[in-house]
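One structure is given below, encoded as structure tokens.
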Amino acid sequence: AQSVTQLGSHVSVSEGALVLLRCNYSSSVPPYLFWYVQYPNQGLQLLLKYTSAATLVKGINGFEAEFKKSETSFHLTKPSAHMSDAAEYFCAVSVGFGNEKLTFGTGTRLTIIP
Amino acid sequence: DSGVTQTPKHLITATGQRVTLRCSPRSGDLSVYWYQQSLDQGLQFLIQYYNGEERAKGNILERFSAQQFPDLHSELNLSSLELGDSALYFCASSPREPGELFFGEGSRLTVL
């Protein structure tokens with residue numbers, strides 16, 4: 001079975017600072033990895049996805065993530081935080097076609113300090 | 001707007017009651033997923049349907065059931081409700097790209 005672990009349930013960064021949200025995965029087969037964002041009172045929205053092509057994946061709103069097989073990690077970064085980035089972020093894993101369901105991590109709430 | 005519509009947005013009911021949550025997927029998406037989000041359990045996968053057929057089952061209680069109709073909309077039925085069933089229930093649809101789910105805004109269920 002596959003799983004993801006998000007380190008840090010709450011992260012605070014200053015506006016303009018680097019955002020780093022950590023995710024480690026466990027999977028018996030090559031995984032598909034995703035980051036989703038949830039703004040208050042909204043559903044989840046796909047930020048970016050890794051599906052075994054390039055290991056550095058760029059997403060929306062300036063976010064990117066790097067797949068590191070040796071570290072079983074898929075950390076999310078953004079060079080400069082903006083107030084509008086305040087939200088909850090979920091890392092998720094799927095094992096691909098035939099089993100498309102996502103298994104989510106517990107989420108990281110990102111707070112931006114003005 | 002994800003294109004996925006869920007109704008009702010909010011629902012308050014009593015223990016022991018039964019409710020039905022409805023989901024209309026994005027146009028053209030054949031897969032529908034149901035997830036439960038609560039503070040203590042996080043986001044839990046309940047069940048997936050693909051073109052009317054059950055495809056995968058997760059942590060769905062026996063008191064809960066779902067179906068997908070020929071027009072591809074889906075309903076999640078929750079019965080004999082308990083206080084612990086209070087949660088946000090999300091529906092998502094997918095064009096069948098692995099993991100690329102489009103979520104509705106959720107139905108918030110409160111059981112009193």
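Odds and ends about this structure:
Table: residues versus (1) surrounded by 13 or more Cβ atoms within 10 Å (Cβ to Cβ); (2) in contact with a Cys (Cβ under 6 Å, 6 or more places away or on another chain); (3) under 27 Å from A:ILE113 (Cα atoms).
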{"position": "A:TYR25", "(1), (2), (3)": "yes, no, no"}
{"position": "A:VAL37", "(1), (2), (3)": "yes, no, yes"}
{"position": "A:ASN41", "(1), (2), (3)": "no, no, yes"}
{"position": "A:LEU47", "(1), (2), (3)": "yes, no, yes"}
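Conditions (1) of a type in the set (A, V, I, L, M); (2) outside any strand (DSSP E or B); (3) over 19 Å from A:PHE34 (Cβ atoms); (4) in contact with a Pro (Cβ under 6 Å, 6 or more places away or on another chain), marked per residue:
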| site | (1), (2), (3), (4) |
| --- | --- |
| B:GLY28 | no, yes, yes, no |
| B:TYR35 | no, no, no, no |
| B:LEU46 | yes, no, no, no |
| B:ALA66 | yes, no, yes, no |
| B:ARG96 | no, yes, no, no |
| B:GLY99 | no, yes, no, no |
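- Cβ-Cβ under 9 Å pairs, at least 6 apart or on other chains, the range B:60-71 side over 16 Å from B:GLN41 (Cβ atoms), far side assigned to a loop (DSSP other than H, G, I, E, B) and among the hydroxyl-bearing types (Ser, Thr, Tyr): B:SER65/B:SER79
- Qualifying residue in the range A:2-19 (condition: touching a helix residue (DSSP H, G or I) at 6+ places or on another chain (Cβ under 7 Å), in a strand (DSSP E or B) and touching a residue at least 12 places away in the same chain (Cβ under 8 Å)): yes
- Failed condition for B:SER2, given (1) in contact (Cβ under 8 Å) with a residue 40 or more places away in the chain; (2) more than 10 Å from chain A (Cβ to nearest Cβ): (2)
- Test: residue in the range A:82-97 that is surrounded by 14 or more Cβ atoms within 10 Å (Cβ to Cβ), at pLDDT below 95 and at positive phi: yes
- Residue count for the range B:41-68, restricted to those that are within 23 Å of B:SER27 (Cβ to Cβ), more than 9 Å from chain A (Cβ to nearest Cβ) and among the charged types (D, E, K, R): 2
- No other residue among A:PHE74, A:PHE63, A:PHE34 is more than 10 Å from every other protein chain (Cβ to nearest Cβ), within 22 Å of B:PHE45 (Cβ to Cβ) and of a type outside the set (S, T, N, Q) apart from A:PHE74.
- Exactly one residue out of B:ASP29, B:ASP71, B:ASP85 is more than 12 Å from the chain's Cα centre (by Cα), within 14 Å of chain A (Cβ to nearest Cβ) and among the charged types (D, E, K, R): that is B:ASP29.
The values are calculated or read from the model by the stated rules, or taken from the named source; none is laboratory data. Since we're looking at a predicted model, the values are computed, not measured. No Cβ is skipped: glycine too gets one built from the backbone with ideal geometry, and neighbour counts run over all protein chains shown.
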